[in-house]
Ligand SMILES: Nc1ncnc2c1ncn2[C@@H]1O[C@H](COP(=O)(O)OP(=O)(O)OP(=O)(O)O)[C@@H](O)[C@H]1O
């Protein structure tokens, strides 16, 4: 009996140089490090033992069937999920090495650094200009010249400047759905976040607007970490560097997007990718 116990002890393994290098590469530039995250809405467990790291200058796609916890995970990263009173979490999420649940971290500060774009474009019922200037003004910027600069830079950054530069003071509701979504991305850029969370940002858009937003996302990753929830498998394959496959609240597989789509290690990932369920 004791011999078996001894045999079952984990072996202390020397790490090869390649492994050490790989680990260093993996730890480099991690902005969000999630470990053993569990989340319940009342008695219903929506996330189970999630381990996931989100890296700078990468697009991370979260895919999986409806109800598997994708949006919940996204909203945990900026603590928006806590707006639901019955939510309870265990485990840890470090943002740049510091727990997002730490009492000394103000939620407003976290949300300034971690912006969010939603499924349905949600501009404010204000002018295009005011939509962008609103956040910086709340952060105390009053100088008109600086605000003008931020507005132009953000709209340029979201590839919508040329379309709106002559009507900055028109109501944002007059823009098309695709333009409104790029305006919302510009509004997010105006507060200079490090991370942008996107919850199915193109699901309400036509194919042409979708391609524009995808192109924008690919370019934005030069400066930001982007986490995108999508039901569109081709979209995940086109724009992301890494993909996490969620199923029933768990991460089944998380790897480079090429691996997930071409050599998945888990049968369930393969079945989902090939449309056998979900
Ligand atoms: N506010 C809430 N209160 C109670 N349960 C919730 C709440 N929001 C989500 N859930 C439950 O948590 C689970 C995960 O939901 P979530 O919205 O994160 O899934 P999802 O993968 O994003 O789904 P979809 O692709 O349909 O948007 C589901 O069982 C859902 O019913």
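Values for this structure:
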quantity	calculated
Residue 271 farther than 20 Å from residue 79 by Cα and part of a loop (DSSP other than H, G, I, E, B)	no
Where residue 221 falls short, out of the listed (1) buried (at least 22 other Cβ atoms within 10 Å of the Cβ); (2) modelled with pLDDT under 95; (3) within 14 Å of the chain's Cα centre (by Cα)	(1)
Some residue of the range 85-93 being within 11 Å of the ligand (Cβ to nearest atom) and in contact with a helix residue (DSSP H, G or I) (Cβ under 9 Å, 6 or more places away or on another chain)	yes
Residue 117 being crowded, with 20+ Cβ neighbours inside 10 Å and in contact with a helix residue (DSSP H, G or I) (Cβ under 7 Å, 6 or more places away or on another chain)	yes
Subset of the range 147-182 [part of a loop (DSSP other than H, G, I, E, B) and under 15 Å from residue 220 (Cβ atoms)]	158, 159, 160
Extreme residue, modelled with the highest pLDDT, among residues of the range 254-278 that are surrounded by fewer than 19 Cβ atoms within 10 Å (Cβ to Cβ) and within 16 Å of the ligand (Cβ to nearest atom)	268
Residue count for the range 231-242, restricted to those that are more than 16 Å from the ligand (Cβ to nearest atom), part of a helix (DSSP H, G or I) and within 14 Å of the chain's Cα centre (by Cα)	1
Qualifying positions in the range 75-88 - assigned to a strand (DSSP E or B) and surrounded by 17 or more Cβ atoms within 10 Å (Cβ to Cβ)	87
One residue from 185, 191, 228 being part of a loop (DSSP other than H, G, I, E, B) and touching a residue at least 40 places away in the same chain (Cβ under 8 Å)	191
Extreme residue, nearest to residue 77 (Cα to Cα), among residues of the range 105-132 that are part of a loop (DSSP other than H, G, I, E, B) and touching a strand residue (DSSP E or B) at 6+ places or on another chain (Cβ under 6 Å)	118
The range 58-69: number of residues that are within 11 Å of the ligand (Cβ to nearest atom) and either part of a loop (DSSP other than H, G, I, E, B) or out of contact with any helix residue (DSSP H, G or I) (no Cβ under 9 Å at 6 or more places or on another chain) (or both)	6
Boolean, residue 72 is part of a helix (DSSP H, G or I) and within 14 Å of the ligand (Cβ to nearest atom)	yes
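Listed here are the residues, each with its yes/no results for (1) free of Cβ contacts under 8 Å to residues at least 24 places away in the same chain; (2) within 12 Å of the ligand (Cβ to nearest atom).
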| site | (1), (2) |
| --- | --- |
| 48 | no, yes |
| 56 | no, no |
| 78 | no, no |
| 95 | no, no |
| 99 | yes, no |
| 103 | yes, no |
| 115 | no, no |
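The values are calculated or read from the model by the stated rules, or taken from the named source; none is laboratory data. Note that the structure is a prediction, hence the values are computed from the model and not measured. Every residue, glycine as well, gets a Cβ built from its backbone with ideal geometry; the counts of neighbours run over all protein chains shown.
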